[in-house]
1. For the range 86-124, name all the residues that are of a type in the set (Asp, Glu) and open to solvent by less than 10 Å² (accessible area, probe 1.4 Å).
2. Any residue at all in the range 33-51 that's out of contact with any Leu (no Cβ under 7 Å at 6 or more places or on another chain), among the small types (Gly, Ala, Ser) and free of Cβ contacts under 8 Å to residues at least 60 places away in the same chain?
3. In the range 1-13, which residue that is outside any strand (DSSP E or B) and out of contact with any Asp or Glu (no Cβ under 9 Å at 6 or more places or on another chain) is farthest from residue 82 (Cα to Cα)?
4. For the range 63-78, which residues satisfy the criterion of being within 16 Å of residue 7 (Cα to Cα) and over 12 Å from the mean Cα position of the chain (by Cα)?
5. Go through 18, 4, 81 for me and flag whichever is within 10 Å of the chain's Cα centre (by Cα) and at negative phi.
6. For a quick check of your reading: which strands (runs of 3 or more DSSP E) sit entirely within the range 58-106 and have at least 2 residues that are within 16 Å of residue 9 (Cβ to Cβ), in contact (Cβ under 8 Å) with a residue 24 or more places away in the chain and of a type in the set (A, V, I, L, M)?
Amino acid sequence: QVQLVESGGGSVQGGGSLKLSCVASTRTFNTYALGWFRQGPGKEQEFVAAINWGGSARDYADSVKGRFTISRDNAKNTVFLQMNSLRPEDTAVYYCAADSTGGLSRETHRYDFWGQGTQVTVSS
């Protein structure tokens, strides 16, 4: 069982930045692909970004491309999501997830473990 704990959420004005972190409790962190998903008020959960096991490949939703950056530090069992130029429509609960296959995926069913989420609120 892998536990994922997100942090770094909060409230920010439009145009601002936040950096989310997610720490995993596993000795085999460097074999997992990691993803970020979000669920806004009244919306379905959606893919945001993913990074493969080694950090050599990344994928982003079109809505965040050029504004968000996913990265990982395998030595610290941590995945990050740097969010710049935030917009009110980015308001959501953000979840990190771990995929034991190690490859990139936008599909929620591919991810084996999920964090509890961290709230991000962007005001106009």
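1. To start, the set of residues in the range 86-124 that are of a type in the set (Asp, Glu) comprises 89-90, 99, 107, 112.
Across the range 86-124, the qualifying residues are 90, 99.
2. Yes.
3. Our first condition is that a residue be outside any strand (DSSP E or B); within the range 1-13, this holds for 1-3, 8-9.
Now restrict to residues that are out of contact with any Asp or Glu (no Cβ under 9 Å at 6 or more places or on another chain): 1, 3, 8-9.
Numbers: 1: 27, 3: 21, 8: 10, 9: 11 Å.
So the residue we want is 1.
4. Once the filter is applied, which keeps residues that are within 16 Å of residue 7 (Cα to Cα) and over 12 Å from the mean Cα position of the chain (by Cα), the range 63-78 yields 73, 76, 77.
5. 81
6. 78-83, 92-99
The values are calculated or read from the model by the stated rules, or taken from the named source; none is laboratory data. Note that the coordinates shown come from a computational prediction; the quantities given were computed from them, not determined experimentally. With ideal geometry, Cβ positions are generated from the backbone for all residues, glycine too; neighbour counts draw on all protein chains shown. Quick note on the areas: whole protein, heavy atoms, side chains included, nothing else; ligands and nucleic acids left out. Shrake-Rupley method; radii C 1.70, N 1.55, O 1.52, S 1.80 Å.
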